[in-house]
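Just below is one structure, and these are the notes that go with it.
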Amino acid sequence: MITTRTLRSAGAALLAAPLAALLLSCSSGPDEARAGAPASAPASATSSATASASPSVPVTATEAYEEPVEKVRDAFATLQATYNDGCTTPGECEYFLTRVHDELDGLDAAMKADPQGRGHFREPLAWTAELRGTLHGDVTFENLKKHQDLLVGTRDRINRWMQGHPEDYR
């Protein structure tokens, strides 16, 4: 299932790949890069060897880019948008449950990164931690469907909590 987060991550990886290549090519001079490499070794093989030997240079494009965390108000708004979806058909249900999970995950990250600190969001973070523990990392449709009540219930509990804390989303 392709979500907006998946598309953002894919786009970020596409942008990060040329950046990582540039960083690798600029990390050493031409003589340094080929030092120790056989004369017949292509430059690309030398760059790969240099990248794996140098801990300060990212090895993969995804390591070169960290996606910025959404603000709590923005993550909460996208979570609230899940109230427009539901489980009327199996296809819609898979989309809905995956989206609720992804939005809860994004809100969790936003709360952890918020300047108010984790203590301010203690209850919602505990609820998402409980959900994460129950899912055991299995976010397949079958497992999300099995735990649908907890997934949707966590969304609803966080929605009620946030309604009592309007300063966090206005």
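Rolling a 1.4 Å sphere over the protein heavy atoms, what is the accessible area per residue of segment 114-170, to the nearest Å²? Before the final figure, lay out the partial values.
Details: 3400 Å² over 57 residues.
On a per-residue basis, 60 Å².
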Round to the nearest 10 and report in Å² the accessible area of R160, as given by a 1.4 Å probe over the protein chains' heavy atoms. 150
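Roughly how big is segment 125-170's charge dipole about its Cα centre, with Cβ charges of +1 (Lys, Arg) and -1 (Asp, Glu), in debye to the nearest 20?
On the way: 7 positive and 7 negative charges, 15 e Å.
Roughly 80 debye for segment 125-170.
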Looks like segment 107-170, by Cα gyration tensor root eigenvalues a ≥ b ≥ c and the a/c under 1.5 rounded cutoff (else prolate when a/b is bigger than b/c, oblate otherwise), is prolate
Net charge near P124, counting Lys/Arg +1 and Asp/Glu -1 over other residues with Cβ under 13 Å of its Cβ? -1
For segment 119-132, just list the computed ³J(HN,Hα) in residue order, Karplus coefficients 6.51, -1.76 and 1.60, θ = phi - 60°, integers in Hz, with x standing in for Gly and Pro. x, 5, 9, 3, 5, x, 5, 5, 5, 5, 5, 4, 4, 4
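The values are calculated or read from the model by the stated rules, or taken from the named source; none is laboratory data. In this text the structure is predicted, and so the values were computed from the model without any measurement. Note: ideal-geometry Cβ built from the backbone for every residue, glycine included; neighbour counts use all protein chains shown. Note: accessible area is taken over every heavy atom of the protein model, side chains too, but ligands, DNA and RNA are not part of it. Shrake-Rupley method; radii C 1.70, N 1.55, O 1.52, S 1.80 Å.
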